[in-house]
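One structure below.
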6 protein chains.
Amino acid sequence: MATVRLLTDAEAEAAPRVQAVFADIRAVRGSDFINNFWRGLANEPATLERTWSSLKEVMVAPSALDPLTKELIYIAVSVASGCSYCIHSHTAAARAKGLTDAQYGDLLAVIGMASETNRLVTALGIPVDPEFDVTG
Amino acid sequence: MATVRLLTDAEAEAAPRVQAVFADIRAVRGSDFINNFWRGLANEPATLERTWSSLKEVMVAPSALDPLTKELIYIAVSVASGCSYCIHSHTAAARAKGLTDAQYGDLLAVIGMASETNRLVTALGIPVDPEFDVTG
Amino acid sequence: MATVRLLTDAEAEAAPRVQAVFADIRAVRGSDFINNFWRGLANEPATLERTWSSLKEVMVAPSALDPLTKELIYIAVSVASGCSYCIHSHTAAARAKGLTDAQYGDLLAVIGMASETNRLVTALGIPVDPEFDVTG
Amino acid sequence: MATVRLLTDAEAEAAPRVQAVFADIRAVRGSDFINNFWRGLANEPATLERTWSSLKEVMVAPSALDPLTKELIYIAVSVASGCSYCIHSHTAAARAKGLTDAQYGDLLAVIGMASETNRLVTALGIPVDPEFDVTG
Amino acid sequence: MATVRLLTDAEAEAAPRVQAVFADIRAVRGSDFINNFWRGLANEPATLERTWSSLKEVMVAPSALDPLTKELIYIAVSVASGCSYCIHSHTAAARAKGLTDAQYGDLLAVIGMASETNRLVTALGIPVDPEFDVTG
Amino acid sequence: MATVRLLTDAEAEAAPRVQAVFADIRAVRGSDFINNFWRGLANEPATLERTWSSLKEVMVAPSALDPLTKELIYIAVSVASGCSYCIHSHTAAARAKGLTDAQYGDLLAVIGMASETNRLVTALGIPVDPEFDVTG
């Protein structure tokens, strides 16, 4: 159950700002499919525009990390945030970008390991070693 | 302020199970440096042994993801968990494994972006698109 | 799927402490509707009484912040905690107290923005500026 | 301890993209003070530009919620995310925008109350009442 | 919707490493029932083996805390992590180990109370009292 | 750095509602020591009174769980919430109530284990087994 209506294509067409973003999503992705996140966010055109613009800049534009690595980081954050939708959408995106079963197994193992040591460190109140200062 | 004492080398030498783990950490890392996490965890030899053994299996052994990518995932989880110590130790580890400034910038951008969309999705209660079902 | 049974009106009537709280909820809200949270919490009469009493004091009694602003804060915390039920119940409550579409859009934008900068700050380990000390 | 250097004014002046953002922050805020977050983020000019631009749009531009209410929401998210820096910077900002002691007391009470009921609901696995569906 | 297939008994029988873990789970628990977590994790035999081995060591082997107390701690962490599956599986496990309604009520009350004071402390930025230093 | 002043004994004596709570804390605990949390919360007398009253009811009054077990649950939640102050204060409280080194080791192991499996379950999107329905 969403807190807002998910805009249909017909409704998006009637809202120029939404329609422009939807058209750009389709062009950038080379697919007609608009997933529910954008259909919900479309209720807030300003946030829709800003979020899609940022996402294109961060996730789509060529950068120092390859697209699959960026999806793995996205999944890791989504798991720690407990966002089921985000986990599913970015796991599907990672699969589409070539994620293998073995890589997915590694991703899960690292997420689990980090989660465990994060809590052990926090419980113990471990002070940061001066050796970790990388600011020189 | 830690909730336990951080074991000195002298104390570790007096505890055979701890000493064995510390020796293995030094051998695997090719360095004499033992960071505070292990010195604190050394108060619990069973957890020390299990955690180091898992960490070697997950983070050190050759696997489908390269060592730097695994560090980036570790950092992402640590940021979302709010573990300052873990962020510092794994950012230093990533730097030692060749993380460039440009890659670090990307890592930050993806973590920030994911955190933002995670919360928007959660606030809106977006239902998972059936298209994301990858289980066939 | 709940971990406890949700008490029906008939069951509540058979439990005097529960019945007293349910009657007060109905009187305070001017509505016969008792939402599932209270029906589940009713399995623990002491916690039911304490929670309802606190909620009345914090959310219902006149105070320095107006009722709608308090609902927005409640939603923000619920989103960050990932409590779907709480998001839905308090978004509905905010709507009932006059939340407009434009205000809801702002709420989402601020939650998203804060979530992003929270993680960037945490990843970077930014030290607090002395200028932020407001304790004089 | 930060994971990056905090840029001094002299360093910012030597980096045109950073300098432009710092100048805009000073103009918008009518103050010479640049807090540490921006000095750290300045290591990543693209993220610095995007984040400041979004922050201006969300927090500074006139919108349906007044500036103080937006700060309260920002603080609430920051507390739930456990970002100490963010809590201090936005509590100071809220004070500067007129937050009274009584309002601050209310903010704390609502954050505490929401945190408690969030966890109770989650522990009990309470299903969402159909009455909370506001999508009509 | 899971991101992986949940292995059936027939599929597990065809995978020797999975079959060995499933057989051990059944032997240790004295029950034929294999819950979905293990059926999903079975897609990653190495993580399946390591996780079950750790779980046996931590939760099943005799130790200083009794089995029910360990389940209560497990539930508390799961609630704070927002893992609905974990809450249900460990609440059922606790019930099977003798958790009474009154003890469950106490567990809920402590989880709620801790969640509230955690956030109040974080919002206020309370410094740790030197009296809490237990490392002597 | 706190966001509020921590009230001294002299300031508390000048505020009757605060003084009454401080006197009750001292009487209940049989100690003159008032820790910083209460000194900070004292800026909000209504929240101070409500929080202390709830804490007495939940943590001090005789109930189905023994005092040490309740402290362990409190620590577990505080670790998952990342509240360093709460971890230190309740670890000290648990020590004062007889927590042994071996029990503390168990507590850490369970917290770590739960944190790891919480995230694995969340990443995998495991559906709840119908067998875990305890509501009959």
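Here is how the numbers come out for the structure above:
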{"read-out": "Set E:Glu71, E:Glu116, E:Glu13: member being in contact with a helix residue (DSSP H, G or I) (Cβ under 6 Å, 6 or more places away or on another chain), acidic (Asp, Glu) and at the interface with chain F (Cβ under 8 Å from one of its Cβ atoms)", "value": "E:Glu116"}
{"read-out": "Test: residue in the stretch B:94-106 that is among the aliphatic types (A, V, I, L, M) and closer than 26 Å to F:Cys83 by Cβ", "value": "no"}
{"read-out": "Which listed residue, of E:Leu6, E:Leu41, E:Leu72, is assigned by TED's automatic domain parsing to the domain that holds E:His90 and under 22 Å from F:Pro130 (Cα atoms)", "value": "E:Leu72"}
{"read-out": "Residue in the stretch A:28-36 that is modelled with pLDDT of 95 or more, β-branched (Val, Ile, Thr) and over 26 Å from B:Leu107 (Cβ atoms) present", "value": "yes"}
{"read-out": "Among residues of the stretch C:42-73, those that are closer than 23 Å to B:Ala123 by Cα and under 14 Å from the mean Cα position of the chain (by Cα), counted", "value": "10"}
{"read-out": "Residue that is touching a Cys at 6+ places or on another chain (Cβ under 9 Å), at negative phi and among the β-branched types (Val, Ile, Thr), where the choices are E:Ile87, E:Ile25, E:Ile34, E:Ile75", "value": "E:Ile75"}
{"read-out": "Of the criteria (1) within 28 Å of D:Arg119 (Cβ to Cβ); (2) facing chain B (nearest Cβ under 7 Å); (3) of a type outside the set (Lys, Arg), which one A:Phe132 fails", "value": "(1)"}
{"read-out": "Any helices (runs of 4 or more DSSP H) falling wholly within the stretch E:26-136 and containing at least 3 residues that are open to solvent by 10 Å² or more (accessible area, probe 1.4 Å) and touching a residue at least 40 places away in the same chain (Cβ under 8 Å)", "value": "none"}
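Condition check ((1) away from chain B (no Cβ under 11 Å); (2) of a type outside the set (D, E, K, R); (3) in contact with an Asp or Glu (Cβ under 7 Å, 6 or more places away or on another chain)) across all residues:
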residue: A:Met1; (1), (2), (3): no, yes, yes
residue: A:Leu6; (1), (2), (3): no, yes, no
residue: A:Ala46; (1), (2), (3): yes, yes, no
residue: A:Ser54; (1), (2), (3): no, yes, no
residue: A:Pro62; (1), (2), (3): no, yes, no
residue: A:His88; (1), (2), (3): no, yes, no
residue: A:Ala94; (1), (2), (3): no, yes, yes
residue: A:Lys97; (1), (2), (3): yes, no, yes
residue: A:Ile111; (1), (2), (3): no, yes, no
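The values are calculated or read from the model by the stated rules, or taken from the named source; none is laboratory data. Only a predicted model underlies this, so the values are computations on that prediction, with no experimental measurement involved. Cβ sites come from the backbone with ideal geometry, for glycine too, and all protein chains shown count toward neighbours. Quick note on the areas: whole protein, heavy atoms, side chains included, nothing else; ligands and nucleic acids left out. Shrake-Rupley method; radii C 1.70, N 1.55, O 1.52, S 1.80 Å.
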